[in-house]
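Let me begin by presenting the structure, written as structure tokens, before commenting on it.
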Amino acid sequence: MHSKLSHTLSFAPGPAPITLYLSALDVPGYWLSESFRCLRLFAAFMGLQVLLIAVGYELSPEQSGLVVFWPAAGLLCGMVGSTPTRTWPLWLLATAIQIPLGFSLASCAEALVFAGLIRSPLQQSYLLNRPLYLLAAFAGVSLFATAVGGLVGAAVAVLNFGGGVFWESWRVWVASDFLGIIIVAPAIGWLLLP
């Protein structure tokens with residue numbers, strides 16, 4: 001069983017704790033072994049996401065309609081990147097419930113690209129004792145994931161709100177989500193990964 005005491009960050013050579021952790025938890029019964037484990041995590045994620053969405057809107061300039069910091073993107077990427085693939089539908093469903101459909105598709109695409117690309121550098125940084133490698137890979141993966149999600153998000157913004165310039169919307173999306181990911185996702189990873 002995974003306990004809070006096993007939360008140690010070690011870049012020592014040897015078997016990668018992160019690989020063992022993610023593969024051990026990716027079994028059908030683990031997330032249901034404790035009563036309501038999934039429900040509690042889902043509820044906590046939903047509550048935190050509501051709070052971070054409110055923070056994103058609150059920190060945006062008045063009357064501009066632009067969101068300059070989107071911490072909810074960091075939460076979603078952090079959860080999808082730090083949990084087994086069996087739990088991903090939970091986090092994606094919570095996002096689809098709370099954000100309009102077009103924007104939730106962009107956010108989900110961004111999170112899936114992020115999770116798919118960050119797993120290998122995360123495991124290699126543990127195996128090779130190279131935390132700077134993880135830092136560089138994290139920045140690159142975050143930028144690429146936001147660029148992909150931004151394509152969908154900017155298209156939705158231009159189609160729904162009209163009159164906008166696609167590349168301007170894309171630039172704002174990439175910048176706000178990148179900022180949210182580099183600030184929030186490491187905290188989520190630190191809480192969830194061994």
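Every read-out reported here was derived from the displayed coordinates using simple, explicitly stated rules and does not represent laboratory data. The structure displayed is predicted, hence computed values, not measured ones. Here Cβ is always computed from backbone atoms with ideal geometry, including for glycine, and neighbour counts include all displayed protein chains.
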Residue-by-residue Karplus 3J(HN,Hα) for the stretch 181-192, coefficients 6.51, -1.76, 1.60, Hz, glycine and proline x: 5, 6, 8, 8, 4, x, 5, 5, x, 5, 6, 9
Short version: ³J(HN,Hα) in whole Hz for each residue of the stretch 70-85, in order, from phi by Karplus 6.51 cos²θ - 1.76 cosθ + 1.60 (θ = phi - 60°), x for Gly and Pro, what are they? 10, x, 4, 5, x, 5, 5, 5, x, 5, 5, x, 10, 10, x, 4
Over the C-alpha atoms of the stretch 104-194, what are the Rg and the largest Cα-to-Cα span, Dmax, in Å? 14.7, 50
Would you mind calculating the relative contact order of the stretch 54-173 from Cα pairs under 8 angstrom and at least 6 residues apart, reporting the percent as a whole number? 22
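Take the Cβ-Cβ distance between ASN129 and THR85 as r, set R0 to 30 Å, and report the resulting FRET efficiency rounded to the nearest 0.05. Walk me through the numbers on the way to the answer.
Numbers: r = 26 Å, r/R0 = 0.88.
So the FRET efficiency works out to roughly 0.70.
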Spin-label pair LEU101/ALA155, simplified geometry with 7 Å Cα→Cβ offset, distance in nm: 1.5
So how far apart, in nm, are the two label points at ALA147 and VAL55 if each is 7 Å from Cα heading toward Cβ? 2.7
Phi-based couplings in Hz for the stretch 88-96 (Karplus 6.51, -1.76, 1.60; Gly and Pro marked x): 4, x, 4, 5, 5, 5, 4, 5, 5
Distance in nm between TRP167 and TRP190 label points, each 7 Å along Cα→Cβ, equals 3.8
I'd like to compare 40-50, 137-147: which one has the highest average count of other Cβ atoms within 10 Å, and what's the full order after that? 137-147, 40-50
